Structure formats: structure tokens, C-alpha cells
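Visitor: Below you'll find the structure I mean.
The values are calculated or read from the model by the stated rules, or taken from the named source; none is laboratory data. Quantities reported herein were computed from a predicted structural model and do not represent experimental measurements. We place every Cβ from the backbone using ideal geometry, glycine too, and count neighbours over all the protein chains shown.
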Amino acid sequence: MSDTPKDDDDGITLSAEIMDRAERKALKEKARQEEASRKVEPTKDEIEAALANSKLAEAQKAKRKRMFKGGSALIGLALLGWLVNYMFAPYKAGVTYGICKTFLELNLQFPQDLRVSTVDDFGDYVRIWYTQVDAFGEYRMENIQCHFRADEVTGAAVEKITINRREVDPARVEKFNVILPVILENPPDLTIPYPLPDSLDNLQIDTNMFRKPIL
């Protein structure tokens, strides 16, 4: 007889739980319906404003795209111009070439007719092949070689100069070193010219420079 009340209590508890679940479900459904009812359809002005904002965003996006393309084109043109200038720009030699050429110009009889052919820079000395007009009006190809040494004042000074393998008087070289600061402050054109054409018409080469002196 004691088991019967226990079964009744379980039945009552289960029924209460089912009803509680149903109530919660109904409350959720009611809340969902209320939320849906609060949603208002957009007005015509709001739709037009949204469309205008969308068109404005698209226009701004297109403008940024055009600006990006224009900037890329300008950068490409700048790189192309730099590359063309780099490929066709004349070569520049070091200041030692300018010093040696200045000495040569100061010691030629007709410096206005000087034509530099090739330049060989070996670091501590420079060799220049050039043509000049002699006293008979003929072109002669010769070479000058300038050797340099370190100097505490100017950084570098001329140690020795040879023209056609004949050494220039050291006293003339020392006098030239006196004006080196002026040359360094106002450096000459360091552009390396194009080599002279292969044609040797009216061009005499001093063959004595290839002969070994006997005495």
C-alpha cells in the first residue's frame, strides 16, 4: 500500500515538467512574434538614401582604382626613363682621370685639338690614349700615364707622370701638385669619350715609344 502514493507523485512531477516546457516554448514563440512585429519596412527615402550611398561607394572605389592605375603608370614611366638614361648615359671616370687630363691640357702646344681616345684606370695610376696636332698639322696618337700617392692634405697627389714612356721632369710634377686643391674644388668633366674610329687616315703613331732605348 505504501507504493501507490509514490507513483502518483511521479506522475504529477512529470506532468508539471511537460507543462513548464510548453509554457517556455509558447513564451519564446510570443517573443519572436513581437520582435518580428517591431521590424518596420524601410521607407522610400531610406531606400533612395541607401542606393545613393551604394553608388557613392562604387564611385569612390572606381576613383581609387583609376588613381592606382595612374600612379602605377607614372611609376612605370619613371622607371623606364631611369633605365633608358642609365643605358645611354656616358661613363664617368674617377677624379684621377680629371687630374691627369688637366695636366695634359696644361702642357700641350695645342690643347684645343686634344682628343681623348681611351682611358684605363688601374687604381693607383691612370693611362690615357689621346691624339693631338703636332707642329706640322698632323694628328699623332700618344699616351700619358699618371701615378698617384696618398697625401695628408689633399688625399692624393701625383707621384710620377710619363708621356710616351718618358718621365716628365719631377719639378714640373711638384709644381702641378701645388694647384691640385684648386682642381679638386673645381673638377673637370669626367666623362669618358667614345673611342676614336678604327680609321687611321692622317693619323701618325709615334713608334719610338715601342722601342727599347739602348742608351
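Visitor: Could you list, in sequence order, the residues of the range 180-197 that are surrounded by 13 or more Cβ atoms within 10 Å (Cβ to Cβ), among the aliphatic types (A, V, I, L, M) and farther than 17 Å from Asn143 by Cα?
Guide: Residues satisfying the conditions are Leu180, Ile183, Leu184, Leu190.
Visitor: The conditions are (1) closer than 22 Å to Tyr91 by Cα; (2) of a type in the set (Ser, Thr, Tyr); (3) touching a residue at least 40 places away in the same chain (Cβ under 8 Å), and Tyr139 fails exactly one of them. Which is it?
Guide: Unmet condition: (1).
Visitor: Name the residue, out of Ala59, Ala22, that is modelled with pLDDT of 65 or more, small (Gly, Ala, Ser) and either within 60 Å of the chain's Cα centre (by Cα) or closer than 30 Å to Ile161 by Cα (or both).
Guide: On the way: Ala22 fails: either within 60 Å of the chain's Cα centre (by Cα) or closer than 30 Å to Ile161 by Cα (or both).
Unique residue meeting the criteria: Ala59.
Visitor: Can you tell me which residues in the range 124-141 are over 23 Å from Pro187 (Cα atoms) and either buried (at least 17 other Cβ atoms within 10 Å of the Cβ) or hydrophobic (A, V, I, L, M, F, W, C) (or both)?
Guide: Answer for the range 124-141, where residues must be over 23 Å from Pro187 (Cα atoms) and either buried (at least 17 other Cβ atoms within 10 Å of the Cβ) or hydrophobic (A, V, I, L, M, F, W, C) (or both): Val133, Ala135, Phe136, Tyr139, Met141.
Visitor: Give the range 148-179 a look and list any residue that's out of contact with any Phe, Trp or Tyr (no Cβ under 6 Å at 6 or more places or on another chain), among the small types (Gly, Ala, Ser) and surrounded by 16 or more Cβ atoms within 10 Å (Cβ to Cβ), or say none.
Guide: Ala157
Visitor: So, in the range 148-180, exactly how many residues are under 34 Å from the mean Cα position of the chain (by Cα) and modelled with pLDDT of 90 or more?
Guide: Residues in the range 148-180 being under 34 Å from the mean Cα position of the chain (by Cα) and modelled with pLDDT of 90 or more: 4 in total.
Visitor: Can you tell me which residues in the range 104-152 are over 19 Å from Asn177 (Cα atoms), in a strand (DSSP E or B) and charged (D, E, K, R)?
Guide: Across the range 104-152, the qualifying residues are Arg115, Asp120, Asp121, Arg140, Glu142.
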